[in-house]
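One structure is given here, and the rest of the page talks about it.
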């Protein structure tokens, strides 16, 4: 009750309680769907197929991350300050250009696959997996853009309906993949593409009705967004290296089974990680409003209150998971893993750092500190991946998580420092607007 009251105090007077509640429900749905998919693959397929599926999902996450940084976040910052017609023209024109680019990108990605397979340089299963992954990436980018537009228009209920379709089709597809057997990772990747296209349909229909799609020249909008987008994209891509690059280091240094082991334990914390993703999508509109209302210090105060509440909820989950892990692994996963308790502790720590970090990052994004943030992420990613390369030799798979924690701690410290420096800027810094310089 106390947590509910504090959330109500934080959100209701801003008219965001409904948005927050729907966003949390939506992320709970996605969390349940991803957990079900992971569980099916862990329990009913081998580590090789699950590890390959994880690598495909990590690559898709990179594509979504780049689109969010280069397109969605700058668009949100600018469109939130535009009138209704300007906002409608902006999201419609950008969508048209984005669709054209994605079609050509998919074609270019698919062209080398058939010759490489025919020449014997690529096994048939791997060729099919790459093709299915490319199709899934395209479909997920389409879906994610529509979700971001719906959130921009404060329509989380429609997002929830589209997510329900996506999750339902995804689970059904993976059930069929496991039942068919054979190329399970290929069929699961193809199922991801089908589910994303299915989830795209209700979102597109809702936006077609209101506010309606328009198509025009997007060059003016891209020029407005470019100052924000370049450094944001560099930072987000490097941050993907920090958060997902471990999968590829594990696959190179060890094997796909190690990828499966580490990510099976991560799956236990999927609710918290997906809640972080959902909160990240919600934080930017909230941060923009709070900054306009009371300035940067007020913004930090509200963000910190919000993040503390969510972090407390996460801690309750971590404790419950730690003491129930034996039963879950034995009876649900039907697997045993070495050092699983250590990996649970490390993943819990990483999830908690992520929750706190996103609050400070939202504040810095409002103030357009993309370049400085990108440098900090780059430093953290370098420390993480370099130390991981050697830690795997001494600690095995858990060494990846120890190195991730070291890099994330460094990144959090850097972000807090940047926020503190922003607080010390002269009073005129409160007047920062979208056309201002990017630090």
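A few comments on the model shown:
- Each label point was placed 7 Å from the Cα along the Cα-to-Cβ direction; for residue 255 and residue 342 their separation is 2.1 nm.
- When the P(r) is computed for the stretch 53-93, the part past 14 Å accounts for 57% of the Cα-Cα pairs.
- Placing dummy labels 7 Å off each Cα toward the beta-carbon, the span from residue 297 to residue 116 is 5.6 nm.
- When the alpha-carbon atoms of the stretch 159-204 are used, the pair Rg, Dmax equals 11.0, 35 angstrom.
- For the stretch 345-385, taking the reciprocal of the average inverse distance between every pair of different Cα atoms yields a Kirkwood hydrodynamic radius of 11.3 Å.
- Backbone N under 17 Å from the residue 424 label point (7 Å along Cα→Cβ), restricted to the stretch 297-322: 297
- Using distinct alpha-carbon pairs, which all enter the 1/r mean, Kirkwood radius of the stretch 261-366 in Å: 15.0
- Full-extension gain in nm, residue 409 to residue 320, via 0.36 nm per residue minus C-alpha separation: 29.6 nm
- Cα pair distances of the stretch 328-427 binned at 10 Å [whole percent]: 15, 36, 27, 15, 6, 1
- Backbone N within the stretch 97-119 under 17 Å of label point (7 Å from residue 208 Cα along the Cβ vector): 99
- Over the stretch 119-276, the alpha carbon radius of gyration divided by the compact-protein estimate 2.2 N^0.38 Å works out to 1.23.
- Highest mobility in the GNM of the chain, judged by mean-square fluctuation with C-alpha springs under 10 Å and restricted to 104, 231, 183, is found for 104.
- Rg/Rg_globular for the stretch 75-191, with Rg_globular taken as 2.2 N^0.38 Å and Rg from C-alpha atoms: 1.36
- Cα pair distances of the stretch 204-337 binned at 10 Å [whole percent]: 9, 21, 30, 24, 14, 3
- Entry for the stretch 2-431 at q = 0.08, 0.11 Å⁻¹: log10 I(q)/I(0) = -0.44, -0.88, Debye formula applied to identical alpha-carbon scatterers, no solvent contribution.
- Exposure proxy ranking, count of Cβ atoms within 10 Å, fewest first, for 155, 208: 208, 155
- Calculated over the stretch 72-141: convex hull of Cα atoms, volume per residue (Å³): 77
- Once the C-beta distance of residue 217 and residue 108 is scaled by a Förster radius of 25 Å, the resulting FRET efficiency is 0.55 to the nearest 0.05.
- Between residue 382 and residue 179, full extension at 0.36 nm per residue minus the direct alpha carbon distance yields a gain of 68.9 nm.
- Of every Cα-Cα pair in the stretch 325-374, the percent that sits beyond 17 Å: 56
- In this structure, residue 164 and residue 390 have a Cβ-Cβ separation that, at R0 = 41 Å, corresponds to a calculated FRET efficiency of about 0.35.
- Descending semi-axes in Å of the stretch 230-306, equivalent ellipsoid built from Cα gyration tensor: 34, 16, 8
No value in this document is a laboratory result; all are computed from the given coordinates. From a predicted model like this one, the values you see are computed outputs, not experimental measurements. Here Cβ is always computed from backbone atoms with ideal geometry, including for glycine, and neighbour counts include all displayed protein chains.
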